[in-house]
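So the structure is just underneath, and the comments pick up after that.
The values are calculated or read from the model by the stated rules, or taken from the named source; none is laboratory data. Keep in mind the model is a prediction, meaning the values are calculated, not measured. Reconstructed Cβ throughout: ideal geometry from the backbone, glycine too, with neighbour counts over all protein chains shown. The accessibility values were calculated without ligands, DNA or RNA, using every heavy atom of the protein model including side chains. Shrake-Rupley method; radii C 1.70, N 1.55, O 1.52, S 1.80 Å.
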Amino acid sequence: MPEPRPERTPINDPYKGVIVQNGDTLALAAQVPEDTDVFYQGEMILRYGIAFLERPHIAIVPDLIALDYGDMIVGEEAWDFLLNRSNLYPRADVLGYRHDGIDDMIAVKRLDVMAPIAVLAYRDAEATQPIARLSAFIGNVDDDLPERARAYLHPYESIVEWQATLHAG
């Protein structure tokens with residue numbers, strides 16, 4: 001008798017902070033910077049998406065991986081598998097919700113694990129539709145920013161520094 005399918009479980013990093021906006025670009029901050037448009041403030045969940053190979057603007061947040069020999073993995077184990085061993089199982093399927101909230105399934109070989117990781121913010125752990133796709137972190141990264149978010153969000157010490165890079169590009 002086959003083992004029951006595990007519950008779909010994306011990695012979740014809780015964070016309490018602020019999402020600030022500059023045009024179409026959103027950044028995470030530990031505190032509300034002066035003279036800044038606040039997009040969202042309060043408790044949130046950070047999740048991480050892997051880009052599609054043929055469509056890099058689309059990212060999927062993995063919550064279950066079905067390996068081609070029948071095993072299924074979730075959570076931290078699934079994330080570690082994708083980043084470190086997925087090349088060994090190109091036919092494995094990744095189930096999850098995309099950056100636009102659509103439930104999807106895609107083969108590992110159609111994901112670009114070398115592309116920058118998308119950092120997405122959600123209102124709570126049950127949400128499947130993100131409230132924001134984040135591009136940076138403003139403030140001291142040691143301000144309780146989860147380690148994984150530190151690895152994927154570009155840090156800026158101030159809102160002025162962040163805005164200057166947006167206007168320079």
Computed label-point distance, nm, for sites Arg91 and Leu166 using a 7 Å Cα→Cβ extension: 4.7
Where only C-alpha atoms are counted, convex hull volume of the range 29-122 per residue in Å³: 114
Neighbour-limited loop hits for trypsin sites (Lys or Arg not before Pro), the range 107-169 (at most 11 other Cβ within 10 Å; DSSP other than H, G, I, E, B): none
Cα extents of the chain along the three principal axes, largest first (Å): 60, 30, 27
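For Asp112, what charge total do you get from the other residues with a beta carbon under 12 Å from its beta carbon, if Lys and Arg give +1 and Asp and Glu give -1? Before the final figure, lay out the partial values.
Values: positive: Arg55, Lys109, Arg110; negative: Glu54.
Charge balance near Asp112 sits at +2.
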J(HN,Hα) series, the range 102-108, from Karplus relation 6.51 cos²θ - 1.76 cosθ + 1.60, nearest Hz, glycine and proline x: 7, 5, 8, 9, 8, 6, 3
Gaussian network model of the chain, Cα within-10 Å springs - most flexible of Pro116, Pro130, Pro62: Pro116
Acute angle (nearest 10 degrees) that the helix 75-84 long axis makes with the longest principal axis of the chain, alpha-carbon atoms: 90
Fraction of accessible area attributable to carbon and sulfur, the range 13-167 (%, probe 1.4 Å): 48
The chain: most fluctuating residue of Gly42, Gly75, Gly17 per GNM, C-alpha cutoff 10 Å: Gly42
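Using just the helices of the chain, give the 222 nm mean residue ellipticity in deg cm²/dmol: DSSP H runs with n ≥ 4 each add -39,500 (n - 2.57), and the total is spread over all residues, rounded to 500. The partial results should precede the final answer.
Working: 3 runs with 26 residues, N = 169.
Computed mean residue ellipticity for the chain: -4500 deg cm²/dmol.
Give a quick list of GluC sites (Glu not before Pro) in the range 22-58 that DSSP marks as loop, anything other than H, G, I, E or B, with at most 16 other Cβ atoms within 10 Å. It would help to have the intermediate numbers written out before the result.
Numbers: sites: Glu34, Glu43, Glu54; in loops: Glu34, Glu54.
For GluC sites (Glu not before Pro) across the range 22-58 that sit outside H, G, I, E and B with at most 16 neighbouring Cβ atoms in 10 Å, the list reads Glu34, Glu54.
For the range 1-156, what is the accessible area per residue in Å² when the probe is 1.4 Å? It would help to have the intermediate numbers written out before the result.
Values: 8330 Å² over 156 residues.
Computed with neighbouring chains in place, this is 53 Å² per residue.
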Among Leu64, Leu88, Leu145: highest mean-square fluctuation, GNM of the chain, C-alpha pairs under 10 Å: Leu88
DSSP-defined antiparallel bridges as percent of all bridges, the chain, nearest 5: 85
Other-chain or far-sequence residues with amide H under 5 Å of Ser158's (modelled H): Gly139
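Where Rh is the Kirkwood radius over the Cα pairs of the range 14-65, the temperature 25 °C and the viscosity 0.890 mPa s, what D in µm²/s does Stokes-Einstein return?
Values: Rh = 12.9 Å.
It diffuses with D of about 190 µm²/s by this estimate.
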